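Rule-based calculations on the coordinates, nothing more; no lab input. What you see is a predicted model, and the numbers here were worked out from it, not measured in a lab. Because the Cβ atoms are built from the backbone with ideal geometry, glycine has one as well, and the counts that use them run over all protein chains shown.
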Amino acid sequence: MLPWKNLIQFDRNAPKSVYLQIAEGIINAIRSGYLQAGQRLPGSRQMADLLEVNRKTSLLAYDELVAQGWIITQSSRGTFVADTLPIIRPTALENTDPTQSEAAGFSWHIPEFLQPPISFSFPLSFDDGLPDIRLAPIEELARAHSRNLRRLWDQRQLSYQDALGYVQLRAQLAQELNATRGLNIGPDHIMITRGSQMAIFLAAR
């Protein structure tokens, strides 16, 4: 039997729910190869005993993994790692040829003051600090969005919320900035705006 308590570690005092920490631990075990596709997992009751948590907690963790597509449950057989895992795989980027651009179909006079000082026509774009949207995990984002919309408690999230922005998003951003930028901030130090222009306007006031 695998050392589940070593593979799945969680902090009961952490802001993140224990069942989400357990789900992430199982995902990490799958990603690292400790759990193979099709491998049988302990039942929810046995997993709860192994991790010394409430069975409801292990059930919630399994439900989360099923919703994300990492595991499957079969009646009278048990719970297994899914054969097709929702792992982000590198995809080939489209070959864009700048010489094959199409005309817009209409003419438009552009004043000289709107012309950029330097015109670049390179096939590669080097944007410092900007993410490549072609690498975005669209399928995983769509599944997460659909899963959250189906949850009854999330219906309340459609109403007005904190003016500073979604508190869990601000907490994750604070954690990321602390780890990558050496800061020491919390969610109260972050405000989510609708765009960069609004952020610049508020910062300049």
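Given the Cα-Cα distance of ILE192 and GLU176 and 0.36 nm per residue of separation, how much length would full extension add, in nm? Gain on stretching ILE192 to GLU176: 4.3 nm. A compact globular protein would have a Cα radius of gyration near 2.2 N^0.38 Å; the ratio found for the stretch 4-81 is 1.00. Peptide packing for 16-23, 48-55 was compared via the average number of neighbouring C-beta atoms within 10 Å per residue; ordered from the highest value, the list is 16-23, 48-55.
You can think of it this way: the chain between ASP132 and GLN9 has 41.0 nm of extra reach, that is 0.36 nm per residue less the Cα-Cα gap.
For THR73, put the label point 7 Å out on the Cα→Cβ axis and report which residues of the stretch 6-32 keep their amide N under 20 Å from it. Within reach of a label on THR73, which here means backbone N under 20 Å from a point 7 Å along Cα→Cβ, the stretch 6-32 contributes 17-28, 30.
Modelled label positions at GLN168 and ASN184, each set 7 Å beyond Cα in the direction of Cβ, lie 2.9 nm from each other. Each residue, ALA203 and ALA82, gets one label point 7 Å from its Cα in the Cβ direction; the gap between the two is 3.8 nm.
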